[in-house]
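Student: Below is a structure I'd like to ask you about.
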Amino acid sequence: MFNPTTAPRVFGVPIGADFSTALHDGLRTYFANLAPTDVAQVDIYVNTRRMQRRLLSLFHDGDAVLLPRIMLVTDLALNADLEGAAPAVAPLRRRLEVARLVKGLIEADPTLAARSSAFDLAESLVALMGEMQGEGVHPDVIANLDVTDQSGHWQRSLSFIQLVQQYFGMATQPDIEGRQRRVIETQVARWQDAPPSHPIIVAGSTGSRGATSLFMQAVAMLPQGAVILPGVDHDMPRDVWDRLDPKSGGEDHPQYRFKALCDALDIHPRDIARWGPITDINSARTGLVSLSLRPAPVTDQWIKDGPDLGDLSDATQDLTLIEAPTPRAEADAIAVRLRQAVEDGQTAALITPDRMLTRQVTGALDRWGITPDDSAGLPLQLTAPGRFLRHIVDLFSAPLDAERLLVLLRHPLTNSTSKTGTNHNLHTNALELELRRNGPPFPTIDSLTSWASQTADRHPDRPAWALWVGTILTGLTTTDALRLDTHIANHIDIAERLSAGPDSDGSGELWKEAAGREALRVMSELRTHADAGGDMTGWDYRQLVGSVLATGDVRDRDRGHPQVLIWGTLEARVQSADLVILGGMNEGTWPEAPAPDPWLNRPFRMQAGLLLPERRIGLSAHDFQQAVCAKHVVISRAIRSDEAETVSSRWVNRLTNLLGGLTEKNGPDCLRAMRERGQHWLNLAAEIAAPKVSVAAAPRPSPAPPAHVRPDQLSVTQIKTLIRDPYAIYARKILRLNALDPLSHNPDAPLRGIIVHEILETFVQRGIDPSDATAADALMDIADDVLMTHCPWPAMRILWRARIASFVPHFLIEEQKRRATSTNFGLEMRGELRLKSVPFTLTGMADRIDLTADGEAIIYDYKTGKPPSADQQKHFDKQLLLEAAMVERGAFKALGVVRTKAAIYIGLGSDLKDVPAPLKDAPPDETLEKFENLMAKWMEPEKGYTSRRANETLTFAGDYDHLARYGEWDETHPATVEDMA
């Protein structure tokens, strides 16, 4: 096939060419001189599965020919012919084995790391071990590194690295990377003794991995071997090639990997021959990009070589630069450009490592019913089965609360094949309302069945449904360590029973469709290797399942649009499209920021011969250089992220700076034209997204309903709301819209107030003497009982108990003073007062009323928050003033008509002080008179219930702000009274 030569046979496809097409066309040229049977003997190793499919497709579309053997380089690890060596261990099994070792090491020395980080450390340690095996670095090399001037952190890292030393022996079962290297080393040794006579070609790989590079070097030296490199920069001068050195920072250059391969083969990169006849290349573009990406030590050559580029219009006429204000605007502009490509009959590919951007673009394309063909697919953990399994495993480490319960009951896979699906939804809705109104915060099987039995007369199937829910989902949390296979069996059993429903067997829809099949594969693989995981707690198992599900991907190749493609950088390396869009071109995204290495810093990696962080940057740079030299290219970035200003990708920055400096070559004008073309798509996207009908901002509402529908009864605590936010009274009392209780009952301030009230009321009811030496203990015993009943959150119980204990001494001292001057008459007393001049009833609940020896009343109200000041009580918070007036009008029947001596807020918050009501400034008779006048005005038909009339703070958030459309107006806008008659 190839002419004989003593030099290594290395070819290169120039940047800007579609590698797969160029490879196919060149092979066709060589195959024309071979017999059909000889073509079938050709071995071709490619670097990705997608390229393998693409090359096969090109052969099928052309003239009939016997196909060569097209394999993946990574498939070498599966070679069984390795002198009896064991097959590679499954990656998941190795992770489980190492995780057990890491946990054991941490348990022996807890100072090394937190136990919760065991799985993360094991995963990164397995990755390091695979890299060491692939690069041929033994743990002894790591142990013997020069650690001069290094901190004690190295010793901790070394203790973990030494855990995996046992996996490097020849008798042990290797990882995939280790077996790959063993196969390649064995194959290379065989070829030295008996080189194959049939052609062997390695195509598309850059040789960035040590084992792959070793294989490529061996193939290049075979009599009929050849290496075909993608995206070789034939425009780069010899002296620039010579400066590519890792010591001078050259490894982040896009062409560095080719330089390293050529050095290993003792040839110069300028001697790389072109592969096949390739003519459809924009040489002006490739020259511009090549110059812009010169390594940092020689960027001064911009001044020298820039004028030789010629007119830059040819290089940039099909180049567009989108600089969007936000990521959302970027995604919309990309979607519009992709839509235009479909209309024009072009094949368009979005290339980006930013998965958030690809999801946003996919969502934007949905408005036209376009689903892109995404090479990465959807992560399994984000699919319906993945979320379902993760929601269930959460219950192994955290108690079942209302939110977790409702999330599972409303999941589409729950009760997926039951005949009573409608009833399931009805029961779920009813249960949600019950949990919102009455709790409990943590449902149990008893609470569920008790609730269901109360409505069994109207819903006879509800008790059985509640029993099904409670049996499956309650009582799953445990702190005991169980065998991994036990956890897996319980997990799968719960998922299948919940998916099947209460009246069906099997697993429902859980394992069906592409996502279900992938979930079953992942869980089955985990069960297969469960013996390597040992014992673990529910929290450990939850963490493990989350990381395992994250490794799965779900892709439906038949669902995507054939013209709209989303590629990762690896797929884009060996193919092209009519239109290429490079998205997310910002620092930290493209190139991605190097991941932190918990084991080895850069100097250690260089000493050991491991891969340097710059390697990934260099590969990303090569991906950019390949893609940006396509025929039609859009470069896209967002100027600002969700949090701050962004920094343009270093390669885009270099390109724009170079264009901006080449004034004599129309560089600034070309750059301006690129941005104008990008602005066109931004404007078009903004126009499409803009609402077609303008909606005027709502006015500040002040509805004025007829007098006969206005509320004729309010409590003393609601009067403050009537004064400050009348619209809330309108919505609640007239429209009868009650705010929905939160789904999750949290230990908030209102609950703390209820608990403190009950504690103090119980203390007073029992008649415990506050001066007694055991009074404090008795009060705390009551607190413990009440907290255990009403506060099921252990951590919050401890916190609130401490806060209660902090005010107990103050309360007992003040209680002695109170009892010295008065005697308790009643607790939680309800009063009702009918006004004489207005058809209105005022109600109230007094926390506590004491009587003095003279028969005068003292009203107390417990406040765990900050009590209102005297001015606030006179103008807004009139609770105690009104209760005092009610006492003097006999509103509390058991008390009768008595004079009010005082009304006092007992402060039990951070500021332990009592705040009396200003009865001298606002006597009960005067307060009642003003209140009657106030209510008379509220009965006038023209009086409007203004929203947020007199809020105490601007940060106030009302339950009915959304109904009032607050935000379209603010407190500076005048109220618009609307006659509701």
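Student: Using R₀ = 45 Å, calculate the FRET efficiency as 1/(1 + (r/R₀)^6) where r is the Cβ-Cβ separation of A7 and Q340; round to 0.05.
Tutor: The computed FRET efficiency comes out at 0.40.
Student: For a quick check: sort M536, M216 by the number of other beta carbons within 10 angstrom, fewest at the front.
Tutor: By the 10 Å Cβ count, ascending, the order reads M536, M216.
Student: Using θ = phi - 60° and the Karplus form 6.51 cos²θ - 1.76 cosθ + 1.60, what ³J(HN,Hα) does each residue of segment 586-591 get, whole Hz, x for Gly and Pro?
Tutor: Along segment 586-591, the couplings run 10, 4, x, 10, 9, x Hz.
Student: Here is a follow-up. If you plug each phi of segment 365-374 into the Karplus form 6.51 cos²θ - 1.76 cosθ + 1.60 with θ = phi - 60°, what whole-Hz ³J(HN,Hα) values come out, in order, with x for Gly and Pro?
Tutor: Once θ is set to phi - 60°, the couplings for segment 365-374 become 5, 5, 5, 9, x, 9, 10, x, 7, 8 Hz.
Student: Right, another one. Would you give the gap between the C-alpha center of segment 182-251 and the C-alpha center of segment 813-866, rounded to a whole Å?
Tutor: Between the Cα centre of segment 182-251 and that of segment 813-866, the gap is 91 Å.
Student: Residue by residue through segment 659-672, what is 3J(HN,Hα) from phi via Karplus (6.51 cos²θ - 1.76 cosθ + 1.60, θ = phi - 60°)? Round to whole Hz and write x for glycine and proline.
Tutor: Result, ordered by residue: 4, x, x, 8, 5, 6, 10, 6, x, x, 5, 5, 5, 5 Hz.
Student: Shifting gears a bit: Measuring from centroid to centroid over Cα atoms, what is the spacing of segment 538-585 and segment 403-479 in Å?
Tutor: Distance between centres, Cα-based: 37 Å.
Student: Give the lysines whose C-alpha is closer than 24 Å to that of K863, dropping any in the same chain fewer than 8 places away, or say none.
Tutor: List returned: K720, K817, K874, K878, K901, K913, K920.
Student: For I322, enumerate residues with amide H under 5 Å from its amide H, sequence gap 5+ or separate chain, H modeled in the peptide plane.
Tutor: Distant-sequence amide H within range of I322: I635, S636, R637.
Student: Exposure proxy check: H253, H411 ranked by fewest other beta carbons within 10 Å?
Tutor: H411, H253
Student: Test of the criteria: in segment 497-580, which chymotrypsin sites (Phe, Trp or Tyr not before Pro) are in a DSSP loop and have at most 12 other Cβ atoms within 10 angstrom of their Cβ?
Tutor: Loop-located and lightly packed - none at all.
Student: On to the next question. So how far, in whole Å, is the C-alpha centre of segment 309-327 from the one of segment 892-934?
Tutor: One Cα centre to the other: 75 Å.
Student: Specify which labelled value, from [x] 63, 37, 26; [y] 78, 40, 20; [z] 71, 36, 28, agrees with semi-axes √(5λ) of the Cα gyration tensor in Å derived from the coordinates of the model shown.
Tutor: Step by step, semi-axes √(5λ) of the Cα gyration tensor in Å for this structure corresponds to label [z].
Student: Does segment 506-632 come out rounded, prolate or oblate by the C-alpha gyration tensor, with a ≥ b ≥ c the root eigenvalues, rounded set by a/c under 1.5 and, if not, prolate when a/b is larger than b/c and oblate if not?
Tutor: Here segment 506-632 falls in the oblate category.
Student: Counting only GluC sites (Glu not before Pro) that are in a DSSP loop and have at most 14 other C-beta atoms within 10 Å, tell me the longest site-free stretch of the chain.
Tutor: Counting only loop sites that pass the neighbour cut-off, the longest clear stretch is 84-642.
Student: Pulled fully out, how much extra length does the chain show between A595 and A194, if you take 0.36 nm times their separation in residues and subtract their Cα-Cα distance?
Tutor: 140.0 nm
Student: Fewest Cβ neighbours within 10 Å first, please rank I351, I303, I858 accordingly.
Tutor: Ordered from fewest to most neighbouring Cβ atoms within 10 Å, I351, I303, I858 come out as I303, I858, I351.
Student: Cut-off under 20 Å on the C-alpha distance; same-chain residues fewer than 8 positions from K692 excluded. Which aspartates and glutamates are left, in chain and number order?
Tutor: Cα-Cα hits under 20 Å: D332, D366, E968.
Student: Here's something else I'd like to know. Taking H as built 1.01 Å from N, whose amide H comes closer than 5 Å to the amide H of S641, not counting residues under 5 places away?
Tutor: T646
Student: 5 Å is the cut-off here: which amide hydrogens, built 1.01 Å from N in the peptide plane, fall below it relative to G225, excluding neighbours closer than 5 in sequence?
Tutor: I200
Student: Next up: If the cut-off is 16 Å between C-alpha atoms, which aspartates and glutamates fall inside it for K943, apart from same-chain ones fewer than 8 positions away?
Tutor: Output for K943: D712, D725, E932, E978, D979.
Coordinate-derived values only; no laboratory data. Bear in mind the structure is a predicted one, so any value in this text is a computation, not a measurement. Methodologically, a virtual Cβ is constructed for each residue, glycine included, from the backbone with ideal geometry; neighbour enumeration extends over all protein chains shown.
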